[in-house]
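Data block below; observations after.
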Amino acid sequence: MKWDKAKWDKVVNLLLYLRHILIAGLVFINGVIIFRAVWGQKLDLVALFNIKNFTNIDWAHAANGPWLLLGVFLMLNALGLLYRARVAWAVSLILLIIAFTFNWHFFPHLGKHLYLSAGTAVLLFMLGKDFHRSSATAGGIAAFISFAVLLFYSTYGALYFGGGFHPQIHDLMTAFYFSMVTMTTVGYGDIIPQTETARLFTVSVIIAGITVFATSLTTVFGPIIKGGLNKLVKGAQKPMNRKNHFLVCGTSVLAVSTVWQLSKRDLPVTLLTIEDEDKFPAIEQRIGKKIDILSGDSTDSEFLTNAGAEQCRAVLALTEDDATNAFIVLSVKAISPDIKVVAAVNDAKNLNKVKQVNADVLISPQLFGSMILASVLSGESIDNDQLLDMLLGSGKGLMKED
C-alpha cells in the first residue's frame, strides 16, 4: 500500500506535535540502559554503599553507585518532560551531559549508549523552546533529584573525610546522620570537624543544605500546606457538576473575550489554564466576574476528562500557541471523536498544519481580520451574511476546506 503525500504530511505533523513525548521517551531509555547496565553486573550494590575503608577501594566499581542513581534520576525526570516543564528540560540536559561523561570514563564498552546520550542531549537542546511550562509535578521531581544528589554528596563526603572529624566517621549510618544534621543546620555538636578539609567540606554542606534542602522542602510540601490552609479558610469545596457546558482552554485575549461573551449569555463555561490558583483572581478580573476555573495541562486527556469533556457542548482550544491548540484537539478526539472542538490559529502560516488535526471549527482571527481589512480598503461592500461566510464557511470554519 502506497502512501500519498497528504498521509505522510499527517504523520510528520503528528510527530512534530508529539516530539516532547518522543524526547521524554529517549531520556527514559537512557535511564533504563544505565540502570540495567549497572544492575546486571556481578556487583553487590548493598556492600558498595557500606564503604568503610577508602584506601583500598576500586574506584571503577565505586562509580557504579552514583551511576545507578543517575539512571534512576533520568527515568524520573522523563516524567517532567511529558508536562513540557522547563525545569525538567534543564535538569535532563545536565543529567545527560553527566551520563555522557560517566559513560566515556567508566563504561567505554557501552559505545551505543555513548552516542545515544550525546544525541539525546543535542535533540533536547535543539527543542528547548518546546519546554516552557511551569509544572508542580516536574518541580517536585527536580526537587527530589536535587535533594538525593546533595544527600549522596554529603554522606559519601563525610565518609571520605571521616578521619578529620572527632569522633571519626567510619560507617555509613554515622555519615548519614551527620549529613542530615548538617544539611538542616541543626548542629548538635556531637561530631566536630577538626581538619581544614573537613571544615571546608562541612561549610559546603551547610551552604548547599540552606539552598537545596530548604528549596526542595518548599517545592514538595509548599503546595500541600497551602492546599490545607485553603481548605481550613474556605471550607470544603463542593464538587462542580460540569455538564452541558463549554470548555475554554487558555487565557489569551480571544479566550477571555469568549468566556465573557458566553457568560454574558448565561451559558455555563469552565476555563482551563496552566496558571496557578493564585492567578485566578487576576483572570476573573479580566473577565469581569467569577467563573469556574481549573488549573492544569489542557493537552492531558485525563485533565480534560476530569473537567467534563465527555459531557460538554464543545471544547474551545484558544491558547496563544498553535501547537498547543492542535495537541488539545488530538487529546479531545482521543477521548471521543464525537466531542465538538473549536481550534484557533494565531499565526496564519500554521493554518495548513493545524488543519491536519481535523477540528470541527477552525478559526484564524489574524487571517479573518486581514480579509476584512483588504475588502474595506479595496472598496468592496460587505454585509452580515458575507462576514459570516468568511468566518464560518459551510459550517466548517474559516479556510477549513481548500
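Positive-end ranking of Leu294, Asn352, Gly250 along the dipole of region 245-363, with charges on Cβ about the Cα centre, is headed by Asn352. Summarising the label geometry, the points placed 7 Å from Cα in the beta-carbon direction at His166 and Asn350 lie 6.6 nm from one another. Net charge near Ala307: determine it from the other residues with C-beta under 14 Å of the C-beta of Ala307, scoring Lys and Arg +1 and Asp and Glu -1. Residues near Ala307 contribute -2 overall. Computed from point charges on the beta carbon alone (+1 for Lys and Arg, -1 for Asp and Glu), the dipole magnitude for region 245-363 about its Cα centre is near 560 Debye. 3J(HN,Hα) along region 300-317: 8, 4, 5, 5, 5, 5, 5, 7, x, 4, 6, 10, 8, 6, 6, 10, 10, 8 Hz, from the Karplus curve 6.51 cos²θ - 1.76 cosθ + 1.60 with θ = phi - 60°, whole Hz, x for Gly and Pro.
On the beta carbon distance between Phe144 and Asp278, with R0 = 22 Å, the FRET formula returns roughly 0.40. A simple spin-label model places the labels of Ala118 and Phe176 3.9 nm from each other, with each point 7 Å out along Cα-to-Cβ. Around the amide H of Phe246, modelled in the peptide plane, lie the amide H atoms of Val269, Thr270, Arg313, all under 5 Å away and 5 or more residues distant in sequence or on another chain. Could you state the orientation-averaged shadow area of the convex hull built on the Cα atoms of region 245-363, in nm² to one decimal? Computing the convex hull of the Cα atoms and averaging its projections yields 6.5 nm².
Each reported figure results from applying straightforward, stated rules to the coordinates on display, with no laboratory input. Remember, predicted model here, so these are calculated numbers, not experimental data. Heads up, the Cβs are rebuilt from the backbone with ideal geometry, glycines too, and the neighbour counts pull from every protein chain shown.
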